[in-house]
Each structure stands twice: as C-alpha cells, then as structure tokens.
Amino acid sequence: MKEKIRIGCGAGFSGDRIEPALVLTEKGKLGYLVLECLAERTIALAQKRKQQDPRLGYDPLLERRMEELLPLLVKNNTRLITNMGAANPMAAAQKIMDMAKKKNIHIKVAVVLGDDVFDQLNGDEISLEGGKPIKSYGNLISANAYLGIDALLPALQSDAQVIITGRVADPSLFLAPMIFELGWDPHNFDLLGKGTVIGHLLECAGQITGGYFADPVTKPVEGMEKLGHPYVDVFQDGSGIISKVEGTGGQVTIRTAKEQLLYEVIDPFNYFTPDVIADFSTVILEQLEADKIRVDGGNGKVRPDKLKVSVGYQAGYIGEGEISYAGAHAKERAIMAGEIIEKRIKHFFDEFRIDYIGLSALHGHELSASCNPYEIRLRVVGRTADKEKALWVGEEVEALYTNGPAGGGGARKNVQEIVGVISILMDREKLNPEIEILG
Amino acid sequence: MKKLAKIAHSRAGDKGNTLILSLIPYEEKDYPVLLREVTAERVKKHLAFQVKGEVVRHELPLLKALLFTCHEALTSGVTTSLALDAHGKSLSYALLEMEIE
C-alpha cells in the first residue's frame with residue numbers, strides 16, 4: 001500500500017492537444033497517466049465507424065497519441081488508463097500491441113469490456129430526457145453504459161501497463177488507481193467522494209490549468225500556447241495536491257479550480273457516478289504556492305443502483321450555409337439575405353434557423369440590441385431526414401452571390417450527418433464487465 | 001449599476017438539454033452581493049432568449065460560489081441543436097452581462 005499516488009491527465013477530450021501528455025509523462029514523475037477522450041456523442045459516432053469497418057470504432061487520434069507516448073510510458077514506468085477504446089476497445093488494444101511490436105516494446109494491454117449494451121435493449125425503454133420510448137426517436141445505433149471502478153479494478157490488478165476502455169465514467173478513470181494503490185475500501189463512500197472530487201477536477205485536463213478560463217482583461221493567463229496539463233498527488237486520507245510540470249504555460253489557482261469543480265455539475269450536493277453519489281459542497285481549496293493547490297473535503301453517500309446508458313440514434317442531416325456583409329447597412333443587408341432564404345426554403349425543413357454571426361448568433365437579440373457591428377456573417381441552417389435536401393441550404397446561400405443583396409462575400413457550405421444522444425437508466429446487475437489481457 | 005463581469009467570473013457546462021452556469025466572485029467578500037442580486041428568477045429573465053425551463057440556484061457558502069442549473073436551455077441539446085454554439089459554452093458571458101446594484 002502506498003502513502004501517495006501521482007496521476008496526470010494528458011487529454012480532456014477526443015480532439016485535445018497531443019504534446020501535453022508527452023510533457024507530463026517525460027517530466028511529471030507520474031505513476032498513472034489518464035487520457036479522457038470520450039464525450040456522449042463521441043461514442044455514438046465511433047459506433048458508426050465500427051459498423052462501416054469492424055477494425056475501427058476506437059479514437060481517431062489513438063495512433064497519433066500513442067506513437068510517441070508508448071516509449072515514454074515504458075521508459076518512465078507509467079501506466080496509462082484511457083477510454084480511447086470508444087466503441088471498439090478490443091481493436092484499439094490490438095492496434096496498440098501492433099505499434100509496440102513494431103517499436104520492439106514489450107507491454108501488456110488490458111481491455112475493459114462490457115459497456116456496450118445495445119443487444120440488451122428492445123426499444124421500449126423510456127428516455128430520461130423526453131419520457132418517451134427510445135425507439136420513437138429514430139433508428140437506434142448504439143447504447144453504452146457508464147462503467148465504474150468495479151470494471152477497472154481487475155485490469156489494475158493485472159500487470160498490464162496500458163488499460164484501455166470504452167464508456168467509463170470520467171472520474172472513475174482516476175478513482176480506480178487511487179483505490180488500487182492506496183488500498184482504499186471500495187465501500188468507504190466518503191473516500192470515494194473525495195477521490196471523485198479530485199477525478200472531476202482533473203478530467204478536463206487543461207480546464208484546471210487556465211484553459212477555458214483565460215480572459216486577457218479580467219483573468220490573464222501566461223503561456224497559453226504551451227499550456228501544461230495537470231497532475232495530482234493523492235494521499236491516504238483522500239486529500240490531494242494539484243499542480244503542473246514546471247516551465248509549462250497556464251496556472252493552477254483556486255479560481256481555476258473553482259470553475260472546474262462546478263463544471264457540468266447539475267447538483268453539487270449530489271454528483272452521480274457509477275461509484276458514489278458525491279457531495280462537492282464541502283470541498284476546501286487552498287493555494288500552497290504558485291501553481292500548486294491543496295484539495296480537501298468533499299463527501300460521498302452510497303452508490304446508485306442504476307447506471308446511466310447513452311443511446312445514440314440517427315437524427316438526420318444538418319445543412320449549413322454562411323455569407324458575410326460589411327460596411328454601410330451590413331446589418332440590413334444580412335437580414336434581407338436571411339429573409340430571402342427563409343421565404344424560399346424554410347418550409348421544406350423539420351427545423352430551420354437563421355443567425356447573424358457578430359451580432360446575435362450566440363446571445364440572442366436582446367443583449368445585442370444596441371450593437372451595430374461593422375461586419376456580419378449570415379448563417380442559415382436546416383435539419384431534415386433527407387441528405388439531398390440538406391445540401392440545398394448551402395446552395396441557396398451561395399446563390400445569394402448573384403441573386404441576393406449587394407456585397408455578399410465569403411460564402412461557405414457544409415452538410416453533417418447528425419447522431420442524437422438520449423439516456424436511459426439500467427440496473428447494475430444487468431451489466432457484466434470483464435477484462436481481457438493482450439501480450 | 002454595474003455589470004456582473006466586474007465582480008465575478010463564470011463557466012458554462014452542459015448535460016443534455018441542461019445548461020449549468022457557475023458564478024464565482026473575484027473577492028470572497030462579494031459573495032453576499034451575488035446572493036442578494038443574482039436570484040434564480042433574475043437569471044431566468046436575463047437568459048429568457050435561451051432558457052425555456054426552470055432555473056435552480058444552488059448556494060455554496062463554503063466555496064463562496066453560486067451554481068445555476070437551467071433546464072430546457074440548449075434548444076434540444078448539444079447533439080441535435082441547430083445553434084452555432086450548441087453546447088452553450090459562450091453563455092457564461094451572457095450571465096456576466098447582467099446589471100446589478
């Protein structure tokens with residue numbers, strides 16, 4: 001049993017920067033590196049890729065992230081825990097084994113399986129969002145349950161250096177190594193609550209080191225171009241010290257920590273994970289020195305009987321077109337252009353929207369009422385089940401060049417296939433997580 | 001009158017069709033000001049262009065922060081919304097536009 005454990009977080013979403021994880025592994029003296037790369041929608045999109053090619057469906061950046069990371073993990077004796085397996089953790093593990101073989105690196109990879117529960121659904125399950133049967137939303141394409149520490153612990157008990165998962169609750173990726181290395185009782189819910197607080201603070205990587213925080217006027221942060229990602233020392237009593245590698249950019253302060261602590265938290269007194277219902281309201285933060293904060297407090301009470309399952313469904317296509325106007329009467333010309341398109345095609349779409357970027361696209365008309373910007377970008381967007389129809393939006397906007405108001409420039413168009421995500425709850429007993437070891 | 005942005009910072013987060021806004025005073029002594037001025041009702045009115053459901057205010061006296069959970073606030077939720085900012089990430093700065101005493 002260890003006195004403390006050091007865990008770094010080198011990625012906070014699928015598209016995150018590559019190099020902070022390398023810096024952390026090279027210089028952070030980590031026991032564990034976590035790469036959190038899976039959002040609600042990411043896994044449904046990954047399921048679609050797997051349907052098209054059974055060898056795919058894992059994180060599209062997996063190879064690029066592992067290329068330089070793999071030798072560093074071995075050299076520094078750091079274990080990796082990542083949900084980059086997405087919809088296909090087994091294929092991801094095999095890919096990592098192939099890469100290791102080519103590099104003459106001998107490692108074992110543990111694969112955590114069992115989050116994919118698509119075959120267990122019949123479509124009559126009721127969605128938490130709309131209170132309707134999930135089959136009424138459209139063609140279902142995926143269902144992944146949020147696994148927790150009980151799925152991860154057997155993988156940690158193996159001698160695998162890389163642990164790859166599909167859908168696991170983000171804080172559990174951090175809590176599992178705390179329990180394993182510090183010898184915590186997995187039913188000591190106060191400790192699980194404290195560990196979950198720490199996991200939540202780290203899971204978005206750069207969001208606690210100054211990313212998604214910086215404001216050059218009120219919250220200046222230095223070195224954003226080389227933003228360091230965080231690591232934490234977690235102690236036996238569930239307290240932790242969060243910091244970042246010296247020489248990297250960004251800052252770790254009580255302010256950055258408070259913003260992250262409350263990020264995406266629906267109820268700070270009852271934060272649900274598969275492991276515990278944690279209370280964030282009792283957390284105490286203390287600045288020890290520059291870029292070093294102490295986290296203590298937080299509690300937990302029981303673990304939920306039911307687990308959340310994200311269900312993906314086909315939601316049609318979104319067609320989009322944009323064009324810009326500037327100078328005298330830019331606003332009036334953009335509005336005229338929007339009205340022209342609305343009259344011509346709005347009635348063909350299930351949902352239709354017009355935005356004036358630079359004026360009211362983000363915060364609506366009221367807050368921007370007194371504002372008259374020099375340039376405005378018209379954005380038109382429509383949703384439909386028909387891909388061909390979705391193309392019309394961009395085409396109609398482009399046609400404004402010669403048929404619309406004066407001085408329209410810089411037209412762009414695109415069409416996206418949309419995967420909607422809804423949630424259901426599933427009894428814990430229905431899940432059978434298991435691990436497999438490669439190597 | 002001054003804008004909230006003068007005395008507080010905020011971060012926006014999303015879960016499905018729910019928008020979550022923290023509100024944190026730069027100086028802890030301003031927490032009671034936020035408590036008095038920034039009620040759930042005022043937030044609901046201020047963000048009416050975006051928030052169609054209930055706004056719940058959570059008070060966190062130990063952390064000296066407020067948290068607003070805004071229901072039916074992201075048109076249909078990030079995965080299917082037609083909004084430019086489907087996550088509502090920019091809405092922290094909409095909250096900070098609020099005028100207070």
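Trypsin sites (Lys or Arg not before Pro) within the stretch A:87-150: which are DSSP loop residues with at most 14 other Cβ atoms inside 10 Å? Please report the intermediate quantities before stating the final value.
Details: sites: A:LYS95, A:LYS101, A:LYS102, A:LYS103, A:LYS108, A:LYS135; in loops: A:LYS103, A:LYS108.
The qualifying sites are A:LYS103.
Once you keep just the Cα pairs under 8 angstrom separated by 6 or more residues, what percentage relative contact order results for the stretch A:314-423?
On the way: 219 pairs, mean separation 52.5, N = 110.
Result for the stretch A:314-423 is 48 percent.
What's the center-to-center distance, using Cα atoms, between the stretch A:377-401 and the stretch A:46-102 in Å?
Taking the Cα centre of the stretch A:46-102 as reference, the centre of the stretch A:377-401 is 37 Å away.
Quick one: what does P(r) look like for chain A with 20 Å bins over all Cα pairs, in whole %?
Per 20 Å bin, starting at 0, the Cα pair percentages come out as 23, 49, 26, 2.
Per the Kirkwood definition applied to all pairs of different Cα atoms, how many angstroms is the hydrodynamic radius of the stretch A:58-162? Don't skip to the answer; put the middle values down first.
Working: mean 1/r = 0.0632 Å⁻¹.
Over the stretch A:58-162, the inverse of the mean reciprocal pair distance is 15.8 Å.
Give, as a single signed number, the net charge of other residues whose beta carbon lies under 9 Å from the beta carbon of A:TYR231, with Lys and Arg counted +1 and Asp and Glu -1.
Working: positive: A:ARG6, A:LYS29, A:LYS244; negative: A:ASP233.
Net local charge, A:TYR231 excluded: +2.
Setting aside same-chain residues fewer than 8 positions from B:LYS6, which lysines have a Cα under 25 Å from its Cα?
B:LYS6 reaches A:LYS219, A:LYS258, B:LYS29, B:LYS44, B:LYS45, B:LYS64, B:LYS89.
Would you mind giving the mean number of other chain beta-carbons within 10 Å of the Cβ of each residue in B:5-12, as a whole number? Could the numbers behind the result be given before it?
Details: counts 3, 1, 1, 1, 7, 2, 11, 4.
Per residue, the average neighbour count from other chains is 4.
If you take the Cα Rg of chain B and divide it by 2.2 N^0.38 Å, with N the number of residues, what do you get?
On the way: Rg = 13.0 Å, N = 101, 2.2 N^0.38 = 12.7 Å.
Cα Rg divided by the expected 2.2 N^0.38 Å: 1.03.
Measure out, as a whole number of angstrom, how far apart the alpha-carbon centroids of the stretch A:224-273 and the stretch A:404-431 sit.
Taking the Cα centre of the stretch A:404-431 as reference, the centre of the stretch A:224-273 is 30 Å away.
For the stretch A:314-423, rounded, prolate or oblate, judged on the Cα gyration tensor with a ≥ b ≥ c (square roots of eigenvalues), a/c < 1.5 rounded, else prolate if a/b > b/c? Display every interim value, and only then the final one.
On the way: a/c = 2.36, a/b = 1.47, b/c = 1.61.
In terms of gyration-tensor shape, oblate.
Could you estimate the translational diffusion coefficient of the stretch A:11-114 from the Stokes-Einstein equation, with Rh from the Kirkwood formula over C-alpha pairs, at 25 °C and 0.890 mPa s, in whole µm²/s?
For the chosen part, D equals 176 µm²/s.
Once you keep just the Cα pairs under 8 angstrom separated by 6 or more residues, what percentage relative contact order results for the stretch B:2-100?
Numbers: 191 pairs, mean separation 39.5, N = 99.
Reported relative contact order: 40 percent.
Determine the relative contact order of chain A: mean sequence separation of Cα pairs under 8 Å and six or more apart, normalised by residue count, in whole percent. Walk me through the numbers before you get to the answer.
Working: 1037 pairs, mean separation 78.3, N = 439.
Computed value for chain A: 18 percent relative contact order.
Filter the cross-link list A:LYS301/B:LYS15; A:LYS194/A:LYS226; A:LYS2/A:LYS194; A:LYS2/A:LYS29; A:LYS108/A:LYS301; B:LYS15/B:LYS52 down to pairs whose alpha-carbon distance in this structure exceeds 26 Å. Present the calculation step by step, with values, prior to reporting the outcome.
Details: A:LYS301/B:LYS15 22 Å; A:LYS194/A:LYS226 30 Å; A:LYS2/A:LYS194 17 Å; A:LYS2/A:LYS29 15 Å; A:LYS108/A:LYS301 36 Å; B:LYS15/B:LYS52 15 Å.
Beyond 26 Å between Cα atoms: A:LYS194/A:LYS226; A:LYS108/A:LYS301.
Coordinate-derived values only; no laboratory data. Remember, it's a predicted structure, so these values are computed and weren't measured experimentally. A quick note on method: Cβ atoms are made from the backbone with ideal geometry, for glycine too, and the neighbour counts reach across all protein chains shown.
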